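Taking it in order: structure first as structure tokens, then the write-up.
Read-outs throughout are calculated quantities, based only on the coordinates presented, and are distinct from any laboratory measurement. Small disclaimer: the values here were computed from a predicted structure and weren't measured. With ideal geometry, Cβ positions are generated from the backbone for all residues, glycine too; neighbour counts draw on all protein chains shown.
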Amino acid sequence: ETAANRICKVLAVNQENERMMEEYERLTSELLEWIRRTIPWLENRTPEKTMQAMLKKLEDFRDYRRKHKPPRVQEKCQLEINFNTLQTKLRISNRPAFMPSEGKMVSDITNAWQRLEQGEKGYEEWLLNELRRLERVEHLAEKFRQKASLHESWTAGKEQLLSQKDYETASLTEVRALLRKHEAFENDLAARQDRVEQIAAIAQELNELDYYDAARINERCQKICDQWDRLGTLTQKRREALERTEKLLETVDQLHLEFIKRAGPFNIWMEGAMEDLQDMFIVHNVEEIQKLITAHEQFKATLPEADSERQAILGIQNEVEKVIQSYNIKISSHNPYSTITLDEIRTKWEKVKQLVPMRDQTLQEELARQQNNERLRRQFAAQANVIGPWIQSRMEEIGRSCLDSTGTLEDQMNSLKMLEHNIVNYKHNVDKLEGDHQMIQESLIFDNKHTSYSMEHIRVGWELMLTTVARTINEVETQILTRDAKGITQEQIN
Amino acid sequence: ETAANRICKVLAVNQENERMMEEYERLTSELLEWIRRTIPWLENRTPEKTMQAMLKKLEDFRDYRRKHKPPRVQEKCQLEINFNTLQTKLRISNRPAFMPSEGKMVSDITNAWQRLEQGEKGYEEWLLNELRRLERVEHLAEKFRQKASLHESWTAGKEQLLSQKDYETASLTEVRALLRKHEAFENDLAARQDRVEQIAAIAQELNELDYYDAARINERCQKICDQWDRLGTLTQKRREALERTEKLLETVDQLHLEFIKRAGPFNIWMEGAMEDLQDMFIVHNVEEIQKLITAHEQFKATLPEADSERQAILGIQNEVEKVIQSYNIKISSHNPYSTITLDEIRTKWEKVKQLVPMRDQTLQEELARQQNNERLRRQFAAQANVIGPWIQSRMEEIGRSCLDSTGTLEDQMNSLKMLEHNIVNYKHNVDKLEGDHQMIQESLIFDNKHTSYSMEHIRVGWELMLTTVARTINEVETQILTRDAKGITQEQIN
Amino acid sequence: QDGGSTKQVTVFKTYLSPWDKAMGVDPKQPTNINVNLLEYDIKAELCKYKSFNRSAMPYGGYEKATKLMTFQMPEFDASPA
Amino acid sequence: QDGGSTKQVTVFKTYLSPWDKAMGVDPKQPTNINVNLLEYDIKAELCKYKSFNRSAMPYGGYEKATKLMTFQMPEFDASPA
């Protein structure tokens, strides 16, 4: 070839070398620029809050790996090839080797690339771990919210329910029912314990897994735990209050039962006493009325005991009032078992106390009457026991006067007349007896153990005596008449 | 004396005798008339109804004894004396004895008098006995009326009270209180027994003492006794009714307690089930979801048992309704111990039954997802386990191609070009793997036990292989360039 | 204080009055000089009546009452007032 | 299925490219022909997470449930669809 040709050729070769050098510089600049831009992105390991954001990063990384990086790998490879080709050509043409400009040396490229690959290394693994953590954390956070909401809706209003003072106005039966209900509640509460623990465990796990919103979770969890403690305390307190109230109402119930156990018989006794203190009685002698008085005295002797019992019974009711007042139970002190009121007991007791002296008086009046009757009996008897024999003696005297044959008829007559005179003088004794007898009859006295003589005995005797003496006098008179008329002696008449 | 005087004297004597005879006749007539009148009065022993009337009779008898009879005794005595004197005088004057007219003989008088005294005898005693009886009878009749009135006022309204059906609407506690009250009433009644017996005894005595108004007493007594029997029967009946009701209400109470004993735990179980059937879960493989499915199947296996228990619980409540209905107790079937209603149980059970298939579906969906994930894993692994070694083999081939000193640089170039061609043709396998890998990542699959190769391994390997083959080809090219330029052999280059 | 404390004396009437004769009294019939009024009319025993008197039951019964009672029945002076 | 099943072959590079030289590759340094991709990045074990999954308690407890249960887990065909 020609020298010109050769010069041209050399020039062309030189130009080509120049172009390749420029090309190297340009490509290197671009590649290093891209690496410089890419490395911080790969080195940024700041976690995202959401899986979505994290999945986006993963997608970006996939894009990087599949779309953005492969051409760069290609470029770097090309750079290497171009560099080798250029240097080889320069050597062949005995030219000085190509020296890339500052910062664009082969070592610069290699170092940058190494840094890039260093950044890549573990990036995907970090992404996946983060994703896995976020998936878990998002699941647990949602689960926490669900469980917390369920729990909160269960506990809603429970504190207020537990603070109710409903037992203050409840009856024993009602308190026992409240206790049963409370036991059921305690079981519910115990069954919930597990769930509260799970809520706390989830919160704990969220903290350990570094959940970005752990503060709010913790706050809510704390609230739940605090409320749970309060519920526990309130439950315990309510149980104690219910049990205490039950005990008090049992005491009241016992007192009510004690009241009827004692008030019942006492009331029966008072009712009987009231009736019997007014009992109509009939007696016929001092002994009988004394018996009644003794019985009444026996009754009176037990009145202090009865009064003690009455006070004890009132005391039971007072005890009920005291228990209700001092423990601030808001229930009626009315005794559900009793038909007897305190007023009734008071009224009846007053009546009994009023009837006792009245009975005393009635009995004393009757005693006086019976004593008076007894005096009448004795008075009558004293007289009758004299009058009866007196009449009998007179009768015998009359009889004997006829047997006396020693005296004359006139003597007989005289003694009979004297007798008759005595009898007439004695009459007032019988009249006195008749008066006493009338009093006895008007006093309805039917017996008299102090004498065997009745008024009738005396009356019959008195009549007999009167007629006998009159008849005997008449007999003597007729004898005298006969004797005087016939002139015969007394003996002849007989 | 003169004969005239004597005649006069005789006449006078005769006249006197005549007068005495007339006097006898007159007195006898009067006396007999009085006796005739008096005897029926003495013989009349018809009792009076009142003491007052009887006391009047006693007074009359006293008057008779003290005022009316003594002059008659006197008269009779006088009659006797006159008769004796007259007869004596007639005998002295040798005159015929006096013959009283028919019915007025001495024997007539004596007989009449005897009859009178016979009548008298026992009259006063009869009067006194009657009086004593009347006194007693009047006392007892009054006492009967008093006691009967007291008793009747006590029993007033009691039958109606005993017939009350108040226990039909009473609670167990109320029935027990009614029983206590009834016991107190029974005691009152028992205490009254004695008084009823006394009333009957008084009535009996009044009958025995021949009380004139016994019929009315008996009627009233009968009424009292009949009512007493009725009260006894009603008391017994009421006690039985109260005890029967108490038993029934105790049964109901037992059922209520049984209900809460079983409904409580059952409700807790349902509440727990409802919450857990909706529990959010997270799994990462088939085994985990199968575990959950197995647990759910265990739960489902016990549902028939739970249903039996539920029916048993409803059965308890039905039993309550049945007892209340069939024994006609008019109380609410509401369970005082329970906060759980049948409706609640029904609703919750329905909810549980509804949640079970929903949970089934959720679990099955998750199972499908996990099975799909597993397929993705295996699919990825199957490819990666081929691609990984394939890349390694190619790398080794590239490495070995440089060691082959037997062939020319052109031979090396040819085999490398062929390799490069193979690699380019293989690229779609890696692209396919990338696609599967993307699916795996989008499915949030983080593990794969079926392969040790991750996508990154393959990517790094693929890049390395590509750059290595390009670099090696370039090296061969530069060697050829150098050889051709300097005319040296391949050996010289090395 | 029976009226029958005196000795019984039996007698035959020596004189019969016309009335006695009219009554047909037998002179041979002995007459008793003694008189016992109580024979005229024998007082029958009074029948016993059942008592329906009641006294109030002492509180706690009679036995207790007897122990508690200090009451003494005052003596009764039966001499006529 | 480890990629390290092939025999290790160690080699000394006969030719160093200008790039190699520019990088200062030592020709005396032996090169390994074999490649083990798994050495590039060792997969770390995944950390184990606590499970908070719950299942509804069988009525009467798990023991009873086990006795009552007839359910068999169906076999899973893992071959790709």
Share of Cα-Cα pairs in segment A:162-315 beyond 27 Å, whole percent, is 60
Nearest-first distances (nm) between copies at A:THR2, label 7 Å from Cα via Cβ
27.1
For segment B:233-330, using Cα atoms only, the Rg and Dmax in Å read 22.5, 82
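What's the FRET efficiency of A:ASN372 with B:ARG36 using the Cβ-Cβ distance as r and R₀ = 41 Å, to the nearest 0.05? Let's see the in-between values first.
Numbers: r = 42 Å, r/R0 = 1.03.
Approximately 0.45, to the nearest 0.05.
What is the fewest-to-most order of C:THR66, A:THR88 by other Cβ atoms lying within 10 Å of their Cβ? Write down the numbers at each step before the final one.
On the way: C:THR66 12, A:THR88 21.
Ranked by crowding around the Cβ, least crowded first: C:THR66, A:THR88.
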How far, in degrees from 0 to 90, does helix A:51-63 lean away from the longest principal axis of the Cα atoms of chain A, to the nearest 10?
20
Could you run the Karplus curve 6.51 cos²θ - 1.76 cosθ + 1.60 with θ = phi - 60° over segment A:75-82 and give me ³J(HN,Hα) per residue in whole Hz, x for Gly and Pro?
4, 4, 4, 4, 4, 4, 4, 4
Acute angle (nearest 10 degrees) that the helix A:409-442 long axis makes with the longest principal axis of chain A, alpha-carbon atoms
10
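Relative to the Cα centre, what is the charge dipole magnitude of chain A, using +1 at the beta carbon of each Lys and Arg, -1 at the beta carbon of each Asp and Glu, and rounding to the nearest 20 debye? Working shown, then result.
Details: 71 positive and 84 negative charges, 867 e Å.
With Lys and Arg at +1 and Asp and Glu at -1, about 4160 debye.
For B:PHE83, B:PHE266, which order do you get if you count the other beta carbons within 10 Å of each Cβ and list the fewest first? Could the numbers behind the result be given before it?
Values: B:PHE83 24, B:PHE266 20.
Fewest to most other Cβ atoms nearby, the residues stand as B:PHE266, B:PHE83.
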Quick one: with label points 7 Å out along Cα→Cβ, list the inter-copy distances for A:VAL386 in nm, shortest first?
16.8
Among A:GLN392, A:MET358, A:ALA381, whose Cα lies farthest out toward the positive end of the dipole of segment A:338-399, if unit charges sit on the beta carbon of Lys, Arg (+1) and Asp, Glu (-1)?
A:MET358
Projected area of segment B:35-74, taken from the Cα convex hull and averaged over every viewing direction, in nm²?
2.9
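Counting Lys +1, Arg +1, Asp -1, Glu -1, what net charge surrounds B:GLN222 among other residues with beta carbon under 11 Å of its beta carbon?
0
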Simple label model, 7 Å out from Cα along Cβ direction - B:SER149 to B:THR251, nm:
5.1
In chain A, with Lys and Arg counted as +1 and Asp and Glu as -1 at Cβ, which of these residues, A:VAL106, A:GLN164, A:ILE324, has the Cα nearest the positive end of the dipole, that is, farthest along it?
A:VAL106
At q = 0.08, 0.11, 0.12, 0.20 Å⁻¹, what is the log10 ratio I(q)/I(0) for segment B:88-231, with the Debye formula run over Cα points and no solvent?
-0.49, -0.67, -0.72, -1.15
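How do A:467-473, A:56-62, B:102-108 rank on mean C-beta neighbours within 10 Å, highest first?
Ranking, from highest mean packing down: A:467-473, A:56-62, B:102-108.
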Rounded to 10°, Cα long-axis angle of helix A:286-301 versus longest principal axis of chain A
20
Under the classification rounded if a/c is under 1.5, otherwise prolate if a/b is larger than b/c and oblate if not, where does segment A:21-101 fall, given a ≥ b ≥ c as square roots of the Cα gyration tensor eigenvalues?
prolate
Using amide H atoms built 1.01 Å from N in the peptide plane, name the residues 5+ places from D:THR31, or on other chains, whose amide H lies under 5 Å from its own.
D:VAL11, D:PHE12, D:LYS13
Alpha-carbon centroids, segment A:332-376 and segment A:235-265: separation in whole Å:
36
Could you give the nm distance between label points at C:ASP77 and A:ARG239, where each point is 7 Å from its Cα heading toward the beta carbon?
8.5
I'd like the mean, over residues of A:439-447, of how many other protein chain beta carbons sit within 10 Å of each residue's own Cβ.
4
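Please compute, over every Cα-Cα pair in chain A, the percentage with a separation greater than 34 angstrom. Write out the running numbers ahead of the final one.
Numbers: 92534 of 121771 pairs.
Summing the P(r) tail past 34 Å for chain A gives 76 percent.
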A:LYS330 neighbourhood, Cβ < 14 Å, K/R = +1, D/E = -1, net charge -3
Over the protein assembly as shown, one equal point on each Cα, no solvent: what is log10 I(q)/I(0) by the Debye formula at q = 0.05, 0.08 Å⁻¹?
-0.71, -1.05
Gain in span if fully extended, B:ASN17 to B:GLU186, counting 0.36 nm per residue against the direct Cα distance
51.5 nm
Part-to-part distance (alpha-carbon centres) for segment A:448-464 and segment A:105-143, which is given in Å
153
Under the classification rounded if a/c is under 1.5, otherwise prolate if a/b is larger than b/c and oblate if not, where does segment B:65-110 fall, given a ≥ b ≥ c as square roots of the Cα gyration tensor eigenvalues?
oblate
Suppose R0 equals 41 Å; then what is the FRET efficiency for B:ALA312 and A:GLN164 from their Cβ-Cβ distance, rounded to the nearest 0.05?
0.80
If you put a point 7 Å past Cα along the Cβ direction, how far is that point for C:TYR62 from the same point in each other copy, in nm, smallest first?
8.3
Roughly how big is the protein assembly as shown's charge dipole about its Cα centre, with Cβ charges of +1 (Lys, Arg) and -1 (Asp, Glu), in debye to the nearest 20?
300
Which one, A:ILE340, B:PRO96, A:VAL430, projects farthest toward the positive side of the charge dipole computed for the protein assembly as shown from Cβ point charges (K/R +1, D/E -1)?
A:ILE340
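What order do you get for B:HIS421, A:HIS284 when you list them from fewest to most C-beta neighbours inside 10 Å?
Ascending number of Cβ neighbours within 10 Å: B:HIS421, A:HIS284.
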Averaged over its residues, how many other protein chain Cβ atoms are within 10 Å of peptide B:75-84's Cβ atoms?
5
Please work out which residue of chain B brings its Cβ closest to the axis of the rotation superposing B onto A, and round that distance to whole Å.
B:THR173, 2
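Let me know the mean shielding of B:374-381 by other chains, meaning the per-residue number of their Cβ atoms within 10 Å of its Cβ.
Numbers: counts 3, 6, 1, 1, 3, 4, 0, 1.
Across B:374-381, the average partner-chain Cβ count within 10 Å equals 2.
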Counting only helical runs of four or more DSSP H residues, what would the 222 nm mean residue ellipticity of the protein assembly as shown come to if each run contributes -39,500 (n - 2.57) and the total is spread over all its residues?
-26000 deg cm²/dmol
Taking the axis of the rotation relating chain D to chain C, the D residue whose Cβ comes closest, together with that distance in whole Å, is D:GLY60, 32
